[in-house]
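Engineer: Dumping the structure here so I can ask a few things about it.
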There are 2 protein chains.
Amino acid sequence: MQTEEEILKIKKVKNTAVRTVVLRHLLAQEKAQSLKDIENALAYTDRSSIFRTLKTFEENKVIHSIEDGSGMTKYAVCAEGCNCEPKDLHYHFYCTNCSKTFCLVDLPIPHIKLPENFKLHQANMVVKGLCDKCNK
Amino acid sequence: MQTEEEILKIKKVKNTAVRTVVLRHLLAQEKAQSLKDIENALAYTDRSSIFRTLKTFEENKVIHSIEDGSGMTKYAVCAEGCNCEPKDLHYHFYCTNCSKTFCLVDLPIPHIKLPENFKLHQANMVVKGLCDKCNK
DNA sequence: TAATGTTTGCAATCGAGTTGCGCTAATACC
DNA sequence: GGTATTAGCGCAACTCGATTGCAAACATTA
Ligand SMILES: [Mn+2]
Ligand SMILES: [Mn+2]
Ligand SMILES: [Zn+2]
Ligand SMILES: [Zn+2]
């Protein structure tokens, strides 16, 4: 497991107080976090600072974002070695009962045969249903 | 190709003026439409009426919605025989250049082996990149 | 140190989505 | 047909996540 400092160094993002604490928070979660989740957890850090930090992180591939249909974009730390390329894409699971969103990093996306002349760059793959805790 | 009246009858949705014109518009498009797209196209129909129409259509599986990450939910008419079940799920393509979102109905989603005890109900699968027209 | 660039906090704004409400049209009931 | 009830519609207001302008604080460079 890499520390916040190591990750930021590898991804060439300058370390600051806000960046460290946001990244630390993201690393400590099992579920993907919304801006509001982070804002609530970091009571003394301003929302717009967190917002801009998330943008910076995403641009530099420290994290990736997930549109799970809940109305709030979620964020999760990229796995070690991830470069947000097609080979790094994975499914996400959104539990319609507990509203948690997870990265299914062990479930790589199969090769998608797009129509002639289409070019794949990114993907937002969200599978919805019940997570193991809610599926009783 | 089914007419608006036929589709609404099959899906047991009462026909009204707004519903007919919204469905007709959706049927005539090659790309999935946002609420704003429809509002712009139907200049004399109120936004909230279109909004509620879309909700009704979605609840009754006349259309399905797509979260393509553009910030606006897109809507597309379900294929004939579609019941919005896992077997009916398909990929969507969002062109990052021209911002068009398409249903790739001929590209069914492969079986997804979720972790133990997870239950799949729905999915929002969006592949992003360049469409054939923009990939020169 | 002074100049320059970057990050942060605060407040304001944006905009897609949603809702309350009164009016009208459609349907059900007598 | 006539009246009560329900459903759909249009307008305006509102919600709330996301985004931005700006000035102060901080870091880097010359
Ligand atoms: Mn992920
Ligand atoms: Mn579709
Ligand atoms: Zn759950
Ligand atoms: Zn395109």
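Engineer: Can you name the condition, by its number, that A:V105 falls short on among (1) more than 10 Å from chain B (Cβ to nearest Cβ); (2) open to solvent by less than 20 Å² (accessible area, probe 1.4 Å); (3) of a type in the set (V, I, T)?
Structural biologist: Of the numbered conditions (1) more than 10 Å from chain B (Cβ to nearest Cβ); (2) open to solvent by less than 20 Å² (accessible area, probe 1.4 Å); (3) of a type in the set (V, I, T), the odd one out for A:V105 is (2).
Engineer: Taking the range B:15-41 as the region of interest, how many residues are open to solvent by 20 Å² or more (accessible area, probe 1.4 Å), in contact with a strand residue (DSSP E or B) (Cβ under 9 Å, 6 or more places away or on another chain) and not polar (S, T, N, Q)?
Structural biologist: 7
Engineer: Continuing with the same structure: For B:Y44, indicate whether it is hydroxyl-bearing (S, T, Y) and either within 16 Å of ligand 1 (Cβ to nearest atom) or modelled with pLDDT under 95 (or both).
Structural biologist: So B:Y44 fits the description; yes.
Engineer: Would you confirm whether any residue within the range B:87-97 is at negative phi, touching a Lys or Arg at 6+ places or on another chain (Cβ under 9 Å), within 12 Å of chain A (Cβ to nearest Cβ) and touching a residue at least 60 places away in the same chain (Cβ under 8 Å)?
Structural biologist: Yes, some residue in the range B:87-97 is at negative phi, touching a Lys or Arg at 6+ places or on another chain (Cβ under 9 Å), within 12 Å of chain A (Cβ to nearest Cβ) and touching a residue at least 60 places away in the same chain (Cβ under 8 Å).
Engineer: Which one is nearest to ligand 4 (Cβ to nearest atom) among residues in the range A:42-66 that are open to solvent by less than 50 Å² (accessible area, probe 1.4 Å) and assigned to a loop (DSSP other than H, G, I, E, B)?
Structural biologist: A:V62
Engineer: Could we say that A:N83 is open to solvent by 40 Å² or more (accessible area, probe 1.4 Å), closer than 24 Å to A:I10 by Cα and away from chain B (no Cβ under 14 Å) here?
Structural biologist: Criteria met by A:N83.
Engineer: Sticking with this one: For A:L54, are the conditions met, namely being modelled with pLDDT of 95 or more, within 9 Å of chain B (Cβ to nearest Cβ) and more than 28 Å from B:C134 (Cα to Cα)?
Structural biologist: Taking the combined requirement at face value, the residue does not satisfy it.
Matching residues to (1) of a type outside the set (A, V, I, L, M); (2) within 12 Å of the chain's Cα centre (by Cα); (3) within 16 Å of DNA strand C (Cβ to nearest atom):
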position	(1), (2), (3)
B:I50	no, no, yes
B:I66	no, yes, yes
B:G69	yes, no, yes
B:T73	yes, yes, yes
B:E80	yes, no, no
B:F118	yes, no, no
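Engineer: Quick one: in the range B:47-67, of everything that is touching a strand residue (DSSP E or B) at 6+ places or on another chain (Cβ under 6 Å) and hydrophobic (A, V, I, L, M, F, W, C), which residue is nearest to ligand 2 (Cβ to nearest atom)?
Structural biologist: Here the answer is B:I66.
Engineer: Separate question: May I ask you to list pairs of residues, at least six apart or on different chains, whose Cβ atoms are under 7 Å apart, with the first in the range A:99-119 being farther than 14 Å from A:G129 by Cβ and the second being within 16 Å of DNA strand D (Cβ to nearest atom)?
Structural biologist: A:C103/A:A32; A:C103/A:A76; A:C103/A:H92
Engineer: Let me ask something else about it. If A:M72 meets every condition in (1) touching a strand residue (DSSP E or B) at 6+ places or on another chain (Cβ under 6 Å); (2) open to solvent by 50 Å² or more (accessible area, probe 1.4 Å); (3) away from DNA strand D (no atom under 13 Å from the Cβ) apart from one, which number is that one?
Structural biologist: Evaluating A:M72 over (1) touching a strand residue (DSSP E or B) at 6+ places or on another chain (Cβ under 6 Å); (2) open to solvent by 50 Å² or more (accessible area, probe 1.4 Å); (3) away from DNA strand D (no atom under 13 Å from the Cβ) leaves (3) as the failure.
Engineer: Scanning for something within 12 Å of ligand 1 (Cβ to nearest atom), in contact with a Phe, Trp or Tyr (Cβ under 7 Å, 6 or more places away or on another chain) and more than 7 Å from chain B (Cβ to nearest Cβ), does the range A:112-130 turn up at least one residue?
Structural biologist: no
The values are calculated or read from the model by the stated rules, or taken from the named source; none is laboratory data. The structure presented is a predicted model; accordingly, all values stated were derived computationally and were not measured. Virtual Cβ from ideal backbone geometry, glycine too; neighbours counted across all protein chains shown. The accessibility values were calculated without ligands, DNA or RNA, using every heavy atom of the protein model including side chains. Shrake-Rupley method; radii C 1.70, N 1.55, O 1.52, S 1.80 Å.
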